[in-house]
Each structure stands twice: as C-alpha cells, then as structure tokens.
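Student: Just dropping this structure here.
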Amino acid sequence: MKTKNSTQATNVIRPDLSHRYASSTVFSRTANLTDSIELMSSRAIGVLDLLATQFEDESANTLNNNSIYLAIDSVIQEIQDIQAYIREFRESKKEFDVGAYLRTLSADSEQ
C-alpha cells in the first residue's frame with residue numbers, strides 16, 4: 001500500500017537538462033567546463049543586451065515590468081548555474097588530504 005509520502009518520492013521529476021550546456025557535462029577536462037561557462041555567460045549577456053535596448057532612447061518600445069523581472073531572473077539563474085558548475089569543478093579537483101582524514105579519526109576516538 002502506497003502512502004502519500006511514498007507516492008511523492010516515486011514521482012520525482014528529473015529532467016535531462018544537458019542540452020543547456022556544452023556537449024559534455026563531465027568536467028574531468030577543463031575544456032568542458034569552460035565551454036559550458038562560455039555558453040551560459042553568452043546567454044546571460046544576450047538577455048541583458050535585449051533589456052538594454054529599451055533604455056537606449058526615449059522612443060524605444062518599453063517592456064512591461066513582468067517581462068523585465070523574468071528576464072533579470074533568468075540572468076540570475078544562469079549566473080547561479082555558473083557558480084554551481086564552478087563549485088562542483090573545484091570539489092572534483094580537490095586532492096584527498098590523508099592528514100586531515102587521520103586527524104578526524106583521532107578526534108573521534110578521543111571523544
């Protein structure tokens with residue numbers, strides 16, 4: 001018998017968003033990371049360029065506030081994606097620190 005919570009856990013949506021990034025999202029190679037960041041930052045700049053056109057002169061058509069808000073939000077989300085990719089790349093490049101691991105073991109045994 002499924003409970004409400006178990007039903008929710010099995011219906012988790014996990015879309016494949018790899019089309020938004022460079023051809024490979026495996027960042028074992030720096031080139032894959034830089035290609036993805038280039039793509040994401042170009043999209044963000046493109047949105048900002050479009051927003052900027054409405055402020056170039058007074059005769060320009062003005063976007064409504066909701067469109068402006070959504071465009072700015074998309075740029076914020078894009079930059080947060082870039083930050084997440086950089087964090088993951090940095091974590092993947094960290095070397096295992098044996099000394100720190102041994103210190104945690106000795107600290108645990110002292111307690």
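The values are calculated or read from the model by the stated rules, or taken from the named source; none is laboratory data. Note that the structure is predicted; figures quoted are calculated from it, not measured. Ideal geometry is used to build each Cβ from the backbone, glycine not excepted, and the neighbour counts take in all protein chains shown. Ligands, DNA and RNA are excluded from the accessible area calculation, which covers all protein heavy atoms including side chains. Shrake-Rupley method; radii C 1.70, N 1.55, O 1.52, S 1.80 Å.
Student: Taking the stretch 67-108 as the region of interest, how many residues are more than 16 Å from the chain's Cα centre (by Cα), at pLDDT below 85 and open to solvent by 90 Å² or more (accessible area, probe 1.4 Å)?
Tutor: Within the stretch 67-108, the first condition is being more than 16 Å from the chain's Cα centre (by Cα), and the residues that meet it are 67-71, 93-108.
Okay, now just the ones that are also at pLDDT below 85, so 93-108.
Now restrict to residues that are open to solvent by 90 Å² or more (accessible area, probe 1.4 Å): 93-96, 101-103, 108.
Selection size over the stretch 67-108: 8.
Student: Based on what the data block shows, is Ile45 in contact with a Ser or Thr (Cβ under 9 Å, 6 or more places away or on another chain) and at pLDDT 90 or above? Can you show your working first?
Tutor: Values: in contact with a Ser or Thr (Cβ under 9 Å, 6 or more places away or on another chain): no; at pLDDT 90 or above: yes.
Considered against the rule, which asks whether it is in contact with a Ser or Thr (Cβ under 9 Å, 6 or more places away or on another chain) and at pLDDT 90 or above, Ile45 comes out as no.
Student: I would also like to ask the following. Just a yes or no: is a residue in the stretch 48-66 under 20 Å from Ser18 (Cα atoms), open to solvent by 40 Å² or more (accessible area, probe 1.4 Å) and within 25 Å of the chain's Cα centre (by Cα)?
Tutor: Of the residues in the stretch 48-66, the ones under 20 Å from Ser18 (Cα atoms) are none.
No: zero hits.
Student: May I ask you to list pairs of residues, at least six apart or on different chains, whose Cβ atoms are under 6 Å apart, with the first in the stretch 67-80 being in contact (Cβ under 8 Å) with a residue 12 or more places away in the chain and the second being surrounded by 12 or more Cβ atoms within 10 Å (Cβ to Cβ) and charged (D, E, K, R)?
Tutor: Glu78/Arg43
Student: Suppose we filter the stretch 56-75 for residues that are in a loop (DSSP other than H, G, I, E, B) and over 19 Å from Ala44 (Cβ atoms); how many remain? Give the steps one after another, and end with the answer.
Tutor: Our first condition is that a residue be in a loop (DSSP other than H, G, I, E, B); within the stretch 56-75, this holds for 56-64.
With over 19 Å from Ala44 (Cβ atoms) added as a condition, the list becomes 56-62, 64.
So the answer is 8.
Student: Restrict the check to the stretch 86-98 and report whether at least one residue is of a type outside the set (D, E, K, R) and assigned to a loop (DSSP other than H, G, I, E, B). Full working, then the answer.
Tutor: To start, the set of residues in the stretch 86-98 that are of a type outside the set (D, E, K, R) comprises 86, 89, 92, 96, 98.
Those left that are additionally assigned to a loop (DSSP other than H, G, I, E, B): 96.
Looking through the stretch 86-98, at least one residue is of a type outside the set (D, E, K, R) and assigned to a loop (DSSP other than H, G, I, E, B).
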